[in-house]
Amino acid sequence: MTKIKAIENNRINFKGIIDTTLRDGQQSPLLFDTFKYRFNLEDKKLLINGLIKLGISHIEFFSPAVGEIEKYEFLEIKRYIQAITSKKIFLLSHCRCHEKDISEALNLGFDGLNLYMGISQYAQKYSLKHNFREILKLIKNIIITTRRNNPDLYIRFSVEDSFRTHLKNIYQVFDEVYQYVDTLGIPDTTGIATPFLVKERINLFKSRYPDINLECHFHNDRGLALINAMTAIFSGVEYLDTSVWGLAERSGITSLTGLLFNLFFVNSAYCKNYNLNLCYPLNILLASILGIQVPVTEPVSLTNRTHTAGVHQKAVLNQVKVYEAHDLEKFGVTKNQILLGPLSGWNLIYYYLKEVEGYNLSRDQAKEITRDYKRQIGKINKEFRPEVLLQNIVDHYPLIKVVLPEDYQAKRIENLT
């Protein structure tokens, strides 16, 4: 039995993604790096529209206690959602276990509360400045009261920093509240979890609370958010938090499209409720809002079909499958990109000059031109691009250009730049 088959035979309870681009995403330092600072209302509407079209049905927002702008814009977004879709979209408010946060969220008409509180030794000493018994009492009172007053309200409760907090303390809290909530949250708030620890803890929680949903939220401080998310799903977690690009505090969280990409290639049935061909357009949308390119670390990107080394370029010109193992067209990436640059060999230069520029030349001529090109690659920079260098060299050769039919040019799928 293969490893993948062994994984698929485990209990898979996955119900879907809860996207937090408009909450944790706005906490990303990248918004400061790009001088964007916060998404404005139009940005939010564009992102909401993209998320809904992709198939996201649960979206997390800030608590209204964050500020008046967030309150106003949430109400506008709520009206906007009602205007663009008849599908039920669950709007969730990320709230402290605090009466003011909860009452304001309920007054604004949120569909559910994503309540949280830290109980670790660090939270006790430096954040809340209460001991464990006091914190436990506060959590229990808040959740029981909220449930009593709102019997049909969706409630999730999360213990912050769940993978660095003593398991016995988490049990003490969950044992008191699990019967009053719909979902127990297990966030890796500080990004310290490993796949082994994730599997171990999820299995323990599933055994102890078999009839309650579990939700995970993984930060990427160690670069493990995606594999931790996959491990959590394969261990039985019902909900997984994501954002577009994995945008969030510090190094971010699990990438929305990265998760869908990986789930699909394990078992496409896990993605049946999502319009996967909109993954890349959603990534491009965020890029346009921030004014930067889709990160090269995003699996669903043109970068993942971009080739710069001569050996790679030669191979993909003959058959892209040599260096492209995944069908990214299913996720909306419909182009290839082969970059003319310092590492390009004669195969690409021959192809570029003949098929793109329309020169009539032989392979031997292409090899000679390439030798001249290689001797001068030190000239390449932002102002003096590779294609300019190549053209300067070609100008010294007696080559004839032919006009390529438009329909012939349209058949090329690569984007050579």
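Note on the chain: antiparallel DSSP beta bridges, both residues inside, total approximately 5 percent of the bridges counted. Dividing the mean sequence gap of close Cα pairs (under 8 Å, 6+ apart) by how many residues the stretch 14-254 holds gives a relative contact order of 22 percent. Counting only lysines at least 8 places from Lys374 when in the same chain, those with an alpha carbon closer than 21 Å to its own are Lys314, Lys354, Lys382. Here the contact order of the stretch 184-285, divided by its residue count and restricted to Cα pairs under 8 Å and six or more residues apart, works out to 24 percent. Computing Rg and Dmax of the Cα atoms in Å directly from the structure and comparing it against (1) 21.2, 67; (2) 22.8, 74; (3) 26.1, 86 singles out (3). Note on Leu197 and Leu46: the model spin-label points, each 7 Å out from Cα along the C-beta direction, lie 3.8 nm apart.
As a check on your grasp of the helix formula, calculate [θ] at 222 nm for the chain: sum -39500 (n - 2.57) over DSSP H runs of n ≥ 4, divide by the residue count, round to the nearest 500. My calculation for the chain gives -12000 deg cm²/dmol from helical runs alone. With contacts taken as Cα pairs under 8 Å at a separation of at least 6 residues, the stretch 15-148 carries a relative contact order of 21 percent. Computed about the Cα centre, the dipole magnitude for the stretch 141-291 is approximately 200 debye when only Lys and Arg (+1) and Asp and Glu (-1) carry charge, each at its Cβ. Take the chain and mark each of the chymotrypsin sites (Phe, Trp or Tyr not before Pro) that is in a DSSP loop with at most 13 other Cβ atoms within 10 Å; the longest unmarked stretch, sites excluded, is 38-383.
Computed from point charges on the beta carbon alone (+1 for Lys and Arg, -1 for Asp and Glu), the dipole magnitude for the stretch 56-98 about its Cα centre is near 240 Debye.
Loop-located trypsin sites (Lys or Arg not before Pro) in the stretch 112-207 (DSSP state other than H, G, I, E, B) with a sparse environment of at most 11 neighbouring Cβ atoms within 10 Å: Lys129.
Placing unit charges on the Cβ atoms only, positive for Lys and Arg and negative for Asp and Glu, gives the chain a dipole magnitude near 700 debye about its Cα centre.
Relative to the longest principal axis of the Cα atoms of the chain, helix 167-177 runs at roughly 60 degrees. Here's the picture: charge each Lys and Arg Cβ at +1 and each Asp and Glu Cβ at -1 in the stretch 137-275, and of Ile233, Gln179, Leu247 the one pushed furthest to the positive end of that dipole is Gln179. Projecting the Cα atoms of Ala309, Val333, Ala366 onto the dipole axis of the stretch 303-410, where Lys and Arg carry +1 and Asp and Glu carry -1 at the beta carbon, places Ala309 farthest toward the positive end.
Read-outs: derived from the displayed coordinates by stated rules, not from any lab. Remember, predicted model here, so these are calculated numbers, not experimental data. Methodologically, a virtual Cβ is constructed for each residue, glycine included, from the backbone with ideal geometry; neighbour enumeration extends over all protein chains shown.
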